[in-house]
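The values are calculated or read from the model by the stated rules, or taken from the named source; none is laboratory data. Note that the structure is predicted; figures quoted are calculated from it, not measured. Quick reminder, even Gly has a Cβ in these numbers, built from the backbone with ideal geometry, and neighbours come from all protein chains shown.
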Amino acid sequence: MKSAEFLIKLKGIFQEVIDSPQNTSPEEIRINNAIHVRDLFKKIGVQIKGSEHLPYERGSIFIYNHLNNHPDMIVGDQFQITLDSHFISSMLYTYYGNPGIRVTRHALPNEKSHQMYYDRLGYIRVFTESFIPKGTSKKTIKNENKLFYNRAVQELQNDRSLVCSPEGFSYQTQNSPGTFKKGVFSLASSMNPEPKIVPIVLANFDSLPEDVDYKCQIMPPFKMSDFGIYDPKDIRLNQVVKTINQRYKRWVKKLCVPDENFEKEIAVLQRRSKQKQQHQNLVVFYGSSTIRLWYHLQQDFPSYNTLNLGFGGAFIHSLSTHFETLFYGLHPKAIVLYLGGNDLSLGLSAREITDKIQTFIEMVHQKFPSTIIFSISIKPSFERQDLLKVIQQINQGTFALSMQLPYLYQIQLYEALLDENQQIRSDVLLRDGLHLNKLGYQILKSQVKKALEKHLSESD
């Protein structure tokens, strides 16, 4: 999508909020706003990493490094809809069914559009150092801060997400983040029960959509108690905030580095592979994030000599590209594959993906003619609900292939994750609706174990 079209859509989103009937509640406006923003970002695409880190429970604090808008993205009297924060709200709506409550600054007297827009959305207002109207008393600022704390606590206790940038200002990606203020961290440490804080790292939202890829990475959540902070008056709080700030700087810098070929992840896996080069009776698990996130793989299969070579976001061609490097010197008795799911995002047909899977499996067999190959069927997920028919067709194609090739066996995961009405079980997936949770992995373990016990014993 070109910038001109993108801006027209933004202006439409702005105007819809401003023109909302007065009897429409702020929450209704926020939800409608999040839906339209989500649809807009779908057209340009945003690289999202780490969605498996989203807390399942509601009522978390989401912090982010606030980025400038490109100066061309003006919707009214020099007002800019902040792309990064709007994107986060739309993402939270997708995953939680509610966009949460954002913390936004008070408008200056000349910022009429800013005032009207955020008033209609009903967000929490705060004063920030660079945007305090002249003549505002310290008492007024103190009272507003108190209102912020009170309402933020109320929203969190009502299981709404709180979205806040700790900087109080926006920056260009290369200078992001700025210095964190301690306000939101102090808030978190004052609450009982203590909310989780989820860091969202952003890059490139300060550029035009046709010039760069917008990037978002969700980092593992934490609590202030993880740093030993249980009281907002703790003298160590300032240092802890500095530590979090420093981590954020590293995260942003790392997110900006192109790593299309998974070099860093592959290097780690290569070291892991070398440790197993002389091992016998090796069962290698290879594939995308479903394999990568199987953290208890070894514990789940104590009677097998297992090796996890999964890497996140892998396409079939990625798995093929890095196969020789990662499998060099290995002598696997069996290889368990999970592949094809990410290729759905490429707009390929079921036939095209099935053909790619077949080509890859035949390549593996040529390299290891005595090795038994297991292919896990692509799982159903809410994130890919509109592609379930395509997924089923791919799974059917791979199963048919397993009937033809004596060295290939299909592990049926798809059906195992459906309920009695053939609907996707909500209790087997993480909050992102894509990755397996603990129960999901227990089911996967059971399916893989049955296949290994049956076919590896037959081959002995």
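Annotations
- Scanning the stretch 406-448 for residues that are at pLDDT 95 or above and small (Gly, Ala, Ser) yields Ala416, Gly440, Ser446.
- Index of the failed condition, Tyr328 passing every other in (1) loosely packed, with under 14 Cβ neighbours inside 10 Å; (2) in contact with a Phe, Trp or Tyr (Cβ under 6 Å, 6 or more places away or on another chain); (3) hydroxyl-bearing (Ser, Thr, Tyr): (2)
- Taking strands (runs of 3 or more DSSP E) as the structural unit, those lying wholly within the stretch 1-106 and holding at least 3 residues that are surrounded by fewer than 19 Cβ atoms within 10 Å (Cβ to Cβ) correspond to 46-49.
- Restricting the stretch 251-281 to residues that are polar (S, T, N, Q) and either in contact with a Lys or Arg (Cβ under 9 Å, 6 or more places away or on another chain) or exposed (fewer than 13 other Cβ atoms within 10 Å of the Cβ) (or both) leaves a set whose member that is modelled with the highest pLDDT is Gln275.
- The lone exception for Leu456 - which of (1) at pLDDT below 95; (2) surrounded by fewer than 16 Cβ atoms within 10 Å (Cβ to Cβ); (3) more than 30 Å from the chain's Cα centre (by Cα) it fails: (2)
- Criterion violated by Phe311 - all others in (1) more than 24 Å from Gly341 (Cα to Cα); (2) in contact (Cβ under 8 Å) with a residue 12 or more places away in the chain; (3) of a type outside the set (D, E, K, R) satisfied: (1)
- Residue match in the stretch 391-403 (condition: outside any helix (DSSP H, G or I), hydroxyl-bearing (Ser, Thr, Tyr) and at negative phi): no
- Residue that is surrounded by the most Cβ atoms within 10 Å (Cβ to Cβ) [pool: residues in the stretch 109-125 that are within 17 Å of Leu147 (Cβ to Cβ) and among the charged types (D, E, K, R)]: Arg125
- Verdict on Ala203 being more than 21 Å from the chain's Cα centre (by Cα) and on the phi < 0 side of the Ramachandran plot: no
- Flag for Leu413 being farther than 30 Å from Ile88 by Cβ and surrounded by 17 or more Cβ atoms within 10 Å (Cβ to Cβ): yes
- Evaluating Phe169 against the criteria (1) more than 30 Å from Met73 (Cβ to Cβ); (2) hydrophobic (A, V, I, L, M, F, W, C); (3) surrounded by fewer than 21 Cβ atoms within 10 Å (Cβ to Cβ) leaves one unmet condition, (1).
- Condition check for Phe285: under 26 Å from the mean Cα position of the chain (by Cα), modelled with pLDDT of 95 or more, surrounded by 11 or more Cβ atoms within 10 Å (Cβ to Cβ) and not charged (D, E, K, R): yes
- Elements of type helices (runs of 4 or more DSSP H) contained in the stretch 283-390, each with 1 or more residues being closer than 21 Å to Tyr441 by Cα and in contact with a His (Cβ under 7 Å, 6 or more places away or on another chain): 289-292
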